[in-house]
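The values are calculated or read from the model by the stated rules, or taken from the named source; none is laboratory data. Everything numeric here is computed off the predicted structure, so don't read it as measured data. In this analysis, Cβ positions are derived from the backbone assuming ideal geometry, glycine residues included, and neighbour counts consider all displayed protein chains.
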Amino acid sequence: MRQKRHSEYYHRILLLLRKKKKIMHRFKFISQFVKVTFAIVFIIAMNSCSADKNNGNIESSDLANCTTIAPRNPNGNSELAILMRAMLDSSSSLKASIKQGKLPEKFPDAFLKIHTATPTDPTVKTPQFDAFAASYVEGLNQLYNSAPEDYESNYNSLVQRCANCHRAVCPGPLKAINKLWIEG
């Protein structure tokens, strides 16, 4: 009698284990499917904004292509927000180039739109913002007109100008900006 009970329990346990194995197999399949789908969506999103990552140059036409990406923030994509994201991407590429002792030959003319780009919040456009924007453009000119031995210090000066503005006007991107520094 005991043997019969044990064999029934053993049989039930085996059935449960088989069901669990089937469920786990389905779960792994779904998990892999989600990962692959996410990877495809991520790649498409990354390619939707065409910036020349090899030399840090951003064309004006590239900024127009960027307006179709989904908002990264709850306030949506303004012209200034898109421009600043392009500046961040360009600065990351620029950092890598400067570490190799190189500087892109072409000045990023599209960044001059910082003075005219429409912000998400219109109250941001103050004389203080305009001064910070002018300081950024001045720093950009200084970097692109500097000697190779001054690339690193002028680049860090440019990053400092970004950080100063964002401390005063819009602190959200400071975490990303702080990753741009070239450590001595």
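Find the helices (runs of 4 or more DSSP H) located wholly in the stretch 99-184 whose residues include 3 or more that are surrounded by 15 or more Cβ atoms within 10 Å (Cβ to Cβ), and list them.
Fully inside the stretch 99-184 and qualifying: 127-144, 151-168.
Cβ-Cβ under 7 Å, sequence separation 6+ or interchain: first residue in the stretch 155-184 and touching a residue at least 60 places away in the same chain (Cβ under 8 Å) and in the same structural domain as S91 (by TED's automatic domain parsing), partner in a loop (DSSP other than H, G, I, E, B) and of a type in the set (A, V, I, L, M, F, W, C). Which pairs?
What qualifies is Y155/I182; V159/L180; V159/W181.
Of the residues in the stretch 127-147, how many are touching a residue at least 24 places away in the same chain (Cβ under 8 Å), more than 18 Å from P108 (Cα to Cα) and of a type outside the set (A, V, I, L, M, F, W, C)?
Of the residues in that region, 1 qualify.
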